[in-house]
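In what follows, a single structure is set out as structure tokens and then discussed.
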Amino acid sequence: MDAIETMYQNFGVLADAKEKAGEHEEEFLSILNAVKGSPGEKRLASQFITRFFKYFPSHAGTAINAMFDLCEDDDPMTRKQAIKDLPTLCKSAPEQVSKIASALTQLMGTDDATENHLIQSSFLTLFKFDSKGSLDGIFSQILGEDETVREKAIKFLGAKIKTLPEDTLDSHSEELLINMCKKVLEDVTKDEFIAIMEILKCQKSMTTVQGRQQLVDIVTEQAELDEPFVASDPDCVDRLTQCIKHAAPLFSKNVHSKAFVGYLCDNVLPHIDQLASPEDGVNGKLELLKLMAEISEFTGELEDLEQRLKNLYDCLISYMPLPPEEENEDESASGEPKLAFSSVECLMYAFHQLCRKQPSFLAAEENAERLKDFKIRLQYFARGVQVYIKHLRMALQGKTGTELKEEENKMKVAALKITSNINTMIKDLFHSPPSFKSVITLSWKPLVKPVEKVTPTKTVAGQKRTPITFETNGAGGKKPHKQDRSIYHPPSGKFSEKAGTFESNETRSQGQRGRGGGGGYRRGGWRGRGRGQRW
């Protein structure tokens, strides 16, 4: 009788015994020994061991180790069969979930895509049995020494944790997950940091005000705001950028951004021109300025506001030239100044937000000279803005929806948003005293339109429905033809022809957010894991 036939006979004895299968120890031990046989015997052993495992608790350790051996077998079909069967052991022995989860995590180091899919599928089955035990097992390997396993396990969690059914993680499991993620964040690469933050953000407890504040605290620690900022170090710039990027969606009236805004004012703005880009093709300076603008609305009570406003103001006016001397007017006309509209939008927006907290920065009598100089710069910049708005509107006039999707026209639309925002803020700042009442939507952010409540009207039987019309000047009528619309005419003057051109490279940089690769950060230094570019 060959070995396969013997295995089927033993299976028959155990299956016929049903709940008394535990009385047939010899047959079960024979199946356990089959893990040393041929590939066919091993695949059958995997299925039979998991089928009768619950009847032999005294052999549980031996059976689990036999399954682990099959998961590491040289034959790929045997490995896949064992990986598929392994979670079944936990139906009768949930206390084994952590141990089996740890073993499955180690197997994630494989390069076989099919095998990796089976591992992940088996892991998701474990979560159904015991989510806390599953997390214990996977984090035991993430916090271990195998870099390949760590990387793939974090990626797995980042991709799958948010897809689990809502009731999979109870409060204890979620608490464990958050605490384990904090441990991982003590020493992470950039990609690991991004993945861990995505895991944390999708947890229920992190959607509350207290949870969002906890996330901000975690990111603040990662940003190392108590360390000096080295503007020429791409790693330092990238770390700060990534941290602010992940913190930005968390800020609100109740969760403040003052730590980051204060750090930017103190350490970044004074050295903005020396700022290194984290990678080629990315405008690191503009990216940080855009992030600063986004978070400037939620600073709360900002300490040292006078000095920080001064740093912000100095940075802003460095991008806002004074008009040329009248006697050198002809000379200046030969070289048009390039106005950095994108950078000015960011800085002026942040200044607009912070200065409303301390209007005396411009309005106080002792600051009269500052205001006078500022208004001269504003006036000169406004002329350039208005001229450029006129050119953009003329260039976009009559364009169809399809034409507006062309890259060149998309850049012009973006430029029109930028210059329109600057124009609105300049009008505010020109008030006496300066006003900060305008509500601005930053050019790269989607415009949220208020939803109008429509009250349905009843139609009397037999009555014709009112035809749909387009209003013109408050009255019903035809929709005006595009060519009939009036063109905006900016005020003319001696500086209006010298406004300069828009910095298109800044516009191109909008929306580009480089992530870089490899490398990483930790408290007190960078963590290099030898994978890809260090940042």
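The values are calculated or read from the model by the stated rules, or taken from the named source; none is laboratory data. Just so it is clear, the model here is predicted, and its values are computed rather than measured. Using ideal geometry, Cβ is built from the backbone for each residue, glycine included, and neighbour counts are taken over all protein chains shown. These accessible areas exclude ligands, DNA and RNA; they are computed on the full protein's heavy atoms, side chains included. Shrake-Rupley method; radii C 1.70, N 1.55, O 1.52, S 1.80 Å.
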Please determine whether any residue of the range 330-339 is closer than 27 Å to residue 290 by Cα, modelled with pLDDT of 90 or more and open to solvent by less than 70 Å² (accessible area, probe 1.4 Å).
no
For the range 91-112, the count of residues that are under 22 Å from residue 142 (Cα atoms) and assigned to a helix (DSSP H, G or I) equals 14
Determine which member of the set 232, 257 is in contact with a helix residue (DSSP H, G or I) (Cβ under 8 Å, 6 or more places away or on another chain), modelled with pLDDT of 95 or more and polar (S, T, N, Q).
257
Out of the range 151-207, which residues are open to solvent by less than 20 Å² (accessible area, probe 1.4 Å) and not in a helix (DSSP H, G or I)?
185, 188, 189, 203
Being in contact (Cβ under 8 Å) with a residue 60 or more places away in the chain and of a type in the set (Gly, Ala, Ser) is the filter; apply it to the range 351-385 and report the residue that is farthest from residue 437 (Cα to Cα).
384
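Filter the range 40-60 down to residues that are open to solvent by less than 40 Å² (accessible area, probe 1.4 Å) and without any contact (Cβ under 8 Å) to a residue 12 or more places away in the chain, then give me how many there are.
Of the residues in that region, 0 qualify.
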Residue pairs within 9 Å by beta carbon, gap of at least six or interchain, first lying in the range 17-34 and under 11 Å from residue 52 (Cβ atoms) and free of Cβ contacts under 8 Å to residues at least 12 places away in the same chain, second charged (D, E, K, R) and surrounded by 16 or more Cβ atoms within 10 Å (Cβ to Cβ), listed first then second, are 17/27
Say we look at the range 1-52 and pick out the residues that are hydroxyl-bearing (Ser, Thr, Tyr) and under 49 Å from the mean Cα position of the chain (by Cα); which of these is farthest from residue 80 (Cα to Cα)?
50
May I ask you to list pairs of residues, at least six apart or on different chains, whose Cβ atoms are under 7 Å apart, with the first in the range 411-433 being more than 13 Å from residue 385 (Cα to Cα) and the second being among the small types (Gly, Ala, Ser) and open to solvent by less than 40 Å² (accessible area, probe 1.4 Å)?
412/395; 414/443; 428/435; 428/438
Name the residue, out of 309, 264, that is open to solvent by less than 20 Å² (accessible area, probe 1.4 Å), at pLDDT 95 or above, in contact with a Cys (Cβ under 9 Å, 6 or more places away or on another chain) and part of a helix (DSSP H, G or I).
309
What do you reckon, is residue 122 more than 21 Å from residue 180 (Cα to Cα), open to solvent by less than 40 Å² (accessible area, probe 1.4 Å) and either of a type in the set (Ser, Thr, Tyr) or assigned to a helix (DSSP H, G or I) (or both)?
yes
Would you confirm, using the coordinates I've provided, whether residue 188 is aliphatic (A, V, I, L, M) and in contact with a strand residue (DSSP E or B) (Cβ under 7 Å, 6 or more places away or on another chain)?
yes
Among the residues of the range 347-381 satisfying the criterion of being of a type in the set (A, V, I, L, M, F, W, C) and open to solvent by 10 Å² or more (accessible area, probe 1.4 Å), which is modelled with the highest pLDDT?
376
Determine which single condition residue 36 fails, assuming it passes every other condition in (1) within 19 Å of residue 121 (Cα to Cα); (2) open to solvent by 50 Å² or more (accessible area, probe 1.4 Å); (3) touching an Asp or Glu at 6+ places or on another chain (Cβ under 9 Å).
(1)
